[in-house]
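See structure below.
The values are calculated or read from the model by the stated rules, or taken from the named source; none is laboratory data. All figures in this text were calculated on a predicted structure; none of them were measured in a lab. Virtual Cβ from ideal backbone geometry, glycine too; neighbours counted across all protein chains shown. Surface areas here come from the heavy atoms of the whole protein model, side chains and all, with no ligands, DNA or RNA. Shrake-Rupley method; radii C 1.70, N 1.55, O 1.52, S 1.80 Å.
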Amino acid sequence: MSTGGCAGPGVCGGARRRPPPPPEPALTLAADLSELSLDQGYHTLADCGPPSRRRRDNTLTDALWLKILSYLEVSDLCRMSRVCRRWSRFVARLTAQPEPWRRIRAAGPLEVAARCAGARAGPCVSDVREWRTKTCAVTVAGAQLLVATFRNLTHIALTGSNTMDARALAPIITDLVDLRHIDLTGCPNVDWPEWAWLESRLTTRRPPIEYIDLTDCGAVTDAGLCALLHTCPSLQYLYLRRCTLVTDAGVRWIPSYCALKELSVSDCTGVTDFGLYELAKLGPALRYISVAKCSQVSDSGVRTLARRCYKLRYLNARGCGALGDDGVEAIGRGCSRLRALDLGATDVSEAGLQILARCCPNLKKLALRGCELIGDDGLEAVAYYCRGLTQLNIQDTPVTLRGYRAVKKYCKRCVIEHTNPGFC
């Protein structure tokens, strides 16, 4: 007896045919990213989801890859071009445009790097604005090739080079007419070329240099500093950290040639109160100054500086052991717009700290590390009057839990650096 209609063999009593699965909808990049959990590690991102839904780099459009790669510098693009042929084509398209060539970070000897970069840049060589190298071998021939190839440079950073000297620096100063930024940090043998030699090549033109960093350039002398000031009348930012040969004889000429906004002579032990008397002539143009570890600076020099440079925003007097309450009171009464002050390892006491707190209510950062004469009363005054304080250093001070709690009470956003394990 038949129990039902049979369509044919293989239907009744055999395996049933399953209908084909519906096609999966194409997932966008946003949908893919939304499926990833925030706590998944880097190693899980490539293998998340079933195999049929794993995304590969070829699912991203060319326009999106070009947008991603456009944020890289040329040196990084050169490395990325070796990944695959597709990325090599992307890099070729990007390097044919002027934007990636505005900043170049090179490695190796300067002469070789300049030659290779010039050949690779091709018609975009005139669009290069910044050149940065670190711990490279700098020669006179390399510097000449650099300035001859990239004539429109505005920023140069040749840091950590033991072979950089005044002869290699000379063509950079005289031949780059648009140069505004020079960073020679960590070049121990460099000094500024002599003014008599530069004058014959610059004639009536002066380079529009605004920023010079000579940190850890131990060969810079007072004569070199004077030549620098002659050469760069547009200078606004000068950093001479740990230039130990610089003394008052060189510093005294700074106000005569430049209207500096920022100056650092930290660790220049030859700078004394006399140098600060001369630097005070910079007047309200000066906003940032560091005389840290200038052991011969005392209340007298700081008092003159604070009275005449009343628009100071940052003052670093860390390690000036002769600075006491008189100098701190002058800072408070003369520089009411001060935002950051470092008085570490000075002789400031409770009285000076209380006057400072009342006169500078807009302080944001205050460092008192190693000040052995301050206590809870002075810190309570700082906390009460400077309620916008965001950073306070009281390491190696006799401040107790009472002063610490006062700061936490009045300065809600203040980060306190301390060495007392009892503070909580």
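Within region 291-347, being in a helix (DSSP H, G or I) and within 18 Å of residue 366 (Cβ to Cβ) holds for 302, 306, 325, 327, 328, 329, 330, 331, 332, 333, 334.
Only one entry in 374, 355 is open to solvent by 10 Å² or more (accessible area, probe 1.4 Å) and β-branched (Val, Ile, Thr), namely 355.
Considering each of 348, 297, 328 in turn, give the residue that is closer than 23 Å to residue 261 by Cβ, open to solvent by less than 10 Å² (accessible area, probe 1.4 Å), touching a helix residue (DSSP H, G or I) at 6+ places or on another chain (Cβ under 7 Å) and of a type in the set (Val, Ile, Thr).
Details: 348 fails: closer than 23 Å to residue 261 by Cβ; 328 fails: closer than 23 Å to residue 261 by Cβ.
Selected residue: 297, the only one of 348, 297, 328 that is closer than 23 Å to residue 261 by Cβ, open to solvent by less than 10 Å² (accessible area, probe 1.4 Å), touching a helix residue (DSSP H, G or I) at 6+ places or on another chain (Cβ under 7 Å) and of a type in the set (Val, Ile, Thr).
If you go through region 173-194 and keep only what is in contact with a Pro (Cβ under 9 Å, 6 or more places away or on another chain) and of a type in the set (A, V, I, L, M), you end up with 173, 176, 177, 179. Of the residues making up region 150-181, those that are touching an Asp or Glu at 6+ places or on another chain (Cβ under 7 Å) and farther than 25 Å from residue 123 by Cα number 2.
In the set (1) polar (S, T, N, Q); (2) open to solvent by 70 Å² or more (accessible area, probe 1.4 Å); (3) touching a strand residue (DSSP E or B) at 6+ places or on another chain (Cβ under 8 Å), residue 185 fails one condition alone, (2). Among residues of region 389-404 that are acidic (Asp, Glu), those with a beta-carbon under 8 Å from a residue that is open to solvent by less than 60 Å² (accessible area, probe 1.4 Å) at least six positions away or on a different chain give the pairs 396/370.
Listed residues 231, 221, 247; which is open to solvent by less than 20 Å² (accessible area, probe 1.4 Å), hydroxyl-bearing (Ser, Thr, Tyr) and touching a helix residue (DSSP H, G or I) at 6+ places or on another chain (Cβ under 8 Å)?
Details: 221 fails: open to solvent by less than 20 Å² (accessible area, probe 1.4 Å); 247 fails: open to solvent by less than 20 Å² (accessible area, probe 1.4 Å).
Answer to the check: 231.
Only one of the numbered conditions (1) part of a helix (DSSP H, G or I); (2) touching a Leu at 6+ places or on another chain (Cβ under 6 Å) is not met by residue 354, and that is (2). For first residues located in region 109-136 and at positive phi, partners that are open to solvent by less than 70 Å² (accessible area, probe 1.4 Å) and lie 6+ apart or on another chain with Cβ distances below 7 Å form the pairs 135/160; 135/161.
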